[in-house]
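Working notes for the structure below.
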Amino acid sequence: FKKMFDGSGDYKSAQILTAGVELAKAEQYDIAIQAFDRIIKTEKTRNYLESARVGKGQALCALQKYEEASKVLRSALADYPSSGYTIELCRSASEAYSAIASETEDGDARFDLFNEAITAMKRARKFAKEPGIQTELDVGVARIFERKSAAEVTFGDPAKAEKYRNDAMAAYQTVIMFRNPNDEGVGTHVEDAYVYCLPLLLEMERWDDALQDADRYIKDFTNGRHMLKIRQFQ
């Protein structure tokens, strides 16, 4: 790998990129980034360069190096507005932006970063064709609202924390009420919406709504992945 990535070996770009992708799959992210950097430095062909930038951004997210990841992903989204990787780019960018926002004290900067995270998810939603991916992204938006609420709790604005918690709850309820769990790939994300939403309903002391959701989950997902947690909430 050292020879492959430092330029001393006789390797083609396709081999280097493949090595980086496989290393990332094996969770060897630091070494994978060396491969992606090699491509970024030496290649001008879009296919290679775009794949390497996506891979590097995702690897940096996996390493929780969100500041660095956000720069890579933001620039890739700007350079490739209609990329075949748009959904992957937006997912990772949204993760990076919301992670940074969660630790940002400045209220205006935090607001902008969270909005950028939501915008990225909505951009991905426009490209998503499969119902399963659409539902996953809808749940992702709700998760960002939830993180916004938690950040306001941390940094001391109870009114905003309550507002964003309500936004998260409403987004989860939209998934629960309007997505068909029998559609291909949808069910697992609807289940996630239940298990994320119920704690919010309990925090808000909306007991009847919480019981109705728990009952509906138990009825609709007889072998559901979250059955134990749902029964505990119930």
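Could you check segment 170-234 for helices (runs of 4 or more DSSP H) lying wholly inside it with 1 or more residues that are free of Cβ contacts under 8 Å to residues at least 12 places away in the same chain?
207-220, 227-233
Mind telling me which of the residues 159, 120 ends up being among the small types (Gly, Ala, Ser) and open to solvent by 50 Å² or more (accessible area, probe 1.4 Å)?
Only one candidate qualifies: 159.
Can you tell me which residue in segment 201-234 is surrounded by the fewest Cβ atoms within 10 Å (Cβ to Cβ), limited to those that are more than 15 Å from residue 182 (Cα to Cα) and among the aromatic types (Phe, Trp, Tyr)?
For segment 201-234, the residue satisfying everything is 207.
Within segment 138-153, identify whether any single residue is among the polar types (S, T, N, Q), touching an Asp or Glu at 6+ places or on another chain (Cβ under 9 Å) and farther than 21 Å from residue 58 by Cβ, and answer yes or no.
yes
Which of the residues that make up segment 98-117 are among the charged types (D, E, K, R) and crowded, with 17+ Cβ neighbours inside 10 Å?
Of everything in segment 98-117, those that are among the charged types (D, E, K, R) and crowded, with 17+ Cβ neighbours inside 10 Å turn out to be 110, 116.
In segment 13-24, is there at least one residue being within 28 Å of residue 102 (Cβ to Cβ), charged (D, E, K, R) and at pLDDT 95 or above? Spell out the reasoning first.
Filtering segment 13-24 for residues within 28 Å of residue 102 (Cβ to Cβ) gives 24.
Retained after the next criterion (residues that are charged (D, E, K, R)): none.
Among the residues of segment 13-24, not one is within 28 Å of residue 102 (Cβ to Cβ), charged (D, E, K, R) and at pLDDT 95 or above, which makes the answer no.
Can you say whether residue 142 is crowded, with 23+ Cβ neighbours inside 10 Å and more than 12 Å from residue 175 (Cβ to Cβ), as far as the supplied structure shows?
So residue 142 does not fit the description; no.
The values are calculated or read from the model by the stated rules, or taken from the named source; none is laboratory data. In this text the structure is predicted, and so the values were computed from the model without any measurement. Here Cβ is always computed from backbone atoms with ideal geometry, including for glycine, and neighbour counts include all displayed protein chains. When the accessible area is computed, the model is the full protein with side chains, heavy atoms only, and any ligands, DNA or RNA have been set aside. Shrake-Rupley method; radii C 1.70, N 1.55, O 1.52, S 1.80 Å.
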